[in-house]
Amino acid sequence: MREHSRQIAAAFDEANAIPGSVVDHEPLTDADSIGRVLARAQAAEDCVGVVVWMHTFSPARMWIAGLAQLRKPILHLHTQFDRDLPWGEIDMDYMNLNQSAHGDREFGYAQTRIGVARKTVVGHWADGDVQNRIGMWVRAARGWCEARRLRVARFGDNMRDVAVTEGDKVGAQIAFGVSVNGYGVDALGVSVAQASEHDVDRLVERYDEAYEVVAELAAAGPRRESLVEAARIEVGLRTFLEQGGFGAFTDTFEDLGALRQLPGIAVQRLMSDGYGFGAEGDWKTAMLLRVIKVMAAGLPGGSSFMEDYVYHLGPGGSKVLGAHMLEVCPSIAAARPRCEIHPLSIGDREDPVRLVFTAPPGPAVVISLIDIGGRLRLIANEVDVVTPDAELPKLPVARAVWTPRPELSTAAEAWLMAGGSHHSVFTMALGIEPLRDLAHMAGIELLVIDGDTSIPQFANELRWNQAYYHLARGL
């Protein structure tokens, strides 16, 4: 049995679909060894979760004490070592040694009886679909692990009079583990003012190399100093975040202190490097984007802060044009971004520098995390990104154009019924399954709007979920 365990773990460790390292353990056959191994897994900072399978029949009461102390995600893999039955060779010795079908049912009952929240995957361990599902769960577990230690810095407060960006930080810390704290924008201003000229000059050079810099921002351009100031803001902001151990942050155009520009290219580049961000003080979206970035690491397609901005309701089908004032992540760019400068009618500061680009066609998911009073809710809409119907030469911001599933009227109605925010996380790297896994790990609600959504069914789901979470909270 130990050799079989080694082979399965090695196959998972080498599988491209499964990120990170997979380590095997000797078969566990008594309560003491189970308790020791699960205690080590619980204590190991680099362990994001545990995969369990039964090689043969396993009286499951021996798992009770060990499972009671395990608070990390658990995946129950219902498999067996041999894919095919050796029909002509089967005897009772083979049957007794390979009765995973028996042992996993006993183990499944024990988990259900204890109330263990787990993921169950069924199929042969070498099958690509099984490894893909395990890989998605591992990505969710990595995101969950990141959330447990994530620190979010808020520069300034929420945008005044806005409702959905508010929320219960204590409740979010209980549910996700995230720590959200405010910092005066003047502290950021000091960090920006202290940025070394050498670091600023090197960063400007990187801008010139990485992006198509418009003539007025080029080395001999009349507005080159605006690009230098944008780089100074990035150096100062990055230094502040690195020194404080922050993985996500927010700002607001209503509180910019000594900053000469609303951070544009700085925020975009930090998101591209994996930081979470939320505009107007939206710490929930900043937290969610960081978690999604960690979950999607290594996958094709990017993830970004996003906002549903305007609709196309005319010929060619209804579409959403998603964008923001400045802050869309270049990880979703279809081509080399242009570095541009344009006026901004809010913030009362100098014109900000930003990267402008369009997202490529393909499937994506738009995700919102909201506080509905006493608990958190995730809302996810599957969408299809499309090429804009025409060029957008006068639109001075990065953007993505998409058609929601099943179509705009149903998707928007469901989103509004659920209370979805105007801010969201837009990802072309992840689908729905890892989001389900993440919501399960966090014990929060997930509402999915997809090609099968109907408004009557969705309304019923909202009612049922409201009753369920109210009762579960009181138990």
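The numbers here are math on the coordinates, done by the rules we state, and not lab data. Note that the structure is a prediction, hence the values are computed from the model and not measured. Because the Cβ atoms are built from the backbone with ideal geometry, glycine has one as well, and the counts that use them run over all protein chains shown.
Full extension of the chain between Glu391 and Asp273 gives 39.6 nm of extra length, using 0.36 nm per residue less the Cα-Cα distance. Exposure proxy for Glu234, Glu461, Glu89, Glu225: other Cβ atoms within 10 Å of each Cβ, ordered fewest to most, give Glu89, Glu225, Glu461, Glu234.
Its alpha carbons give region 2-148 an Rg and a Dmax of 15.1, 52 Å.
According to the calculation over all Cα-Cα pairs in the chain, the P(r) per 20 Å bin from zero is 22, 49, 24, 4, 0 %. Volume per residue of the convex hull around the Cα atoms, evaluated for region 373-422, comes out as 111 Å³. Beta bridges from DSSP with both residues in the chain: antiparallel share about 55 percent, rounded to the nearest 5. With viscosity 0.890 mPa s and temperature 25 °C, the Kirkwood radius over alpha carbon pairs of region 71-192 converts through Stokes-Einstein to a diffusion coefficient of 129 µm²/s.
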